[in-house]
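The values are calculated or read from the model by the stated rules, or taken from the named source; none is laboratory data. What you see is a predicted model, and the numbers here were worked out from it, not measured in a lab. Positions of Cβ are backbone-derived with ideal geometry, glycine not excepted, and every protein chain shown enters the neighbour counts. Each accessible area value is taken on the protein alone, full model and side chains, heavy atoms only, with ligands, DNA and RNA left out. Shrake-Rupley method; radii C 1.70, N 1.55, O 1.52, S 1.80 Å.
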Amino acid sequence: YRELLAEPDPLERDLLARPEVYLLVWMLLEAGELPRSSPQTLLDAGCGITIIPHLLAFWGFHVMAIDYSTQAIEWAAARQPAPHELATYPIPFFSEQREHFPAPGGSVSYRVGDWLTADLPPSGVVICRNGLRGATKPNWRRSLLRFRDLLVPSGVLLLETCNAIGIQSEVEDLLDECGFAPLVREARRDSSAKYWIALWPTG
């Protein structure tokens, strides 16, 4: 965080954010239809200092972004990108799946805290982009159970595990143990189930 916050060039920060945004767009499109909750709520667990919560709000989600780092939350909350800046990022509305996403007009709120113990609202989508990559197995289990409890029926967990090298099978077993079903495109969904989609670029 110190290195990124010290970076004076906003273009450098932007270059760091864009790969995460492209990945997020891909995951949302892979997830397809999202649960119809009102409002369309989304938890960003371990949000860090990226632009993503603001971008999700711009796309129409009502985002609760939580991180254990006070510094991360202060930086992310203080940065309020202009609509024209957010509009330069790719949006997940360029296909027939547009109807599956909320309309523009979302919101974002930030909280310093631990997602295991914080009082958080039920969510249709939980995103954990890299918050678990350094965690031990008991904390993976506790976190996945917590995410399952926070998701509404037919909710979706988007789990990015870019650095979870060599433990893909363990995590997939944990997801199964914690009551998640893998999300398969075009498959008929059980409205009472909770689903996961994971990306393993190095795992």
**OP:** Tell me which residues, restricted to the range 151-160, are farther than 21 Å from residue 53 by Cα and open to solvent by less than 50 Å² (accessible area, probe 1.4 Å).
**Re:** 154
Subject >> Total residues in the range 113-150, condition open to solvent by less than 60 Å² (accessible area, probe 1.4 Å) and farther than 23 Å from residue 169 by Cβ >> reply: 11
Original post:
If only one of 185, 189, 142 is among the basic types (Lys, Arg) and more than 16 Å from residue 30 (Cα to Cα), which one is it?
Top reply: 142
Original post:
Among (1) of a type in the set (Val, Ile, Thr); (2) more than 21 Å from residue 77 (Cα to Cα); (3) modelled with pLDDT of 80 or more, which single condition is residue 136 missing?
Top reply: (3)
**OP:** Just need a number here: residues in the range 24-53 that are farther than 20 Å from residue 149 by Cβ and at pLDDT 90 or above.
**Re:** 1
Original post:
Filter the range 108-142 for residues that are among the polar types (S, T, N, Q) and in a strand (DSSP E or B); which is farthest from residue 41 (Cα to Cα)?
Top reply: 109
Subject >> Matching residues, the range 54-87, being of a type in the set (A, V, I, L, M), outside any helix (DSSP H, G or I) and within 12 Å of residue 111 (Cβ to Cβ) >> reply: 63, 64, 65, 66
Original post:
If we keep just the residues of the range 35-75 that are more than 15 Å from the chain's Cα centre (by Cα) and hydrophobic (A, V, I, L, M, F, W, C), which is most open to solvent (accessible area, probe 1.4 Å)?
Top reply: 75
Original post:
Name the pairs whose Cβ atoms lie under 7 Å apart, with the first residue in the range 185-198 and farther than 16 Å from residue 123 by Cβ and aliphatic (A, V, I, L, M), the second assigned to a loop (DSSP other than H, G, I, E, B) and open to solvent by less than 80 Å² (accessible area, probe 1.4 Å), and 6 or more positions between them or separate chains?
Top reply: 198/161
Subject >> Conditions (1) part of a strand (DSSP E or B); (2) modelled with pLDDT of 85 or more: number failed by residue 198 >> reply: (2)
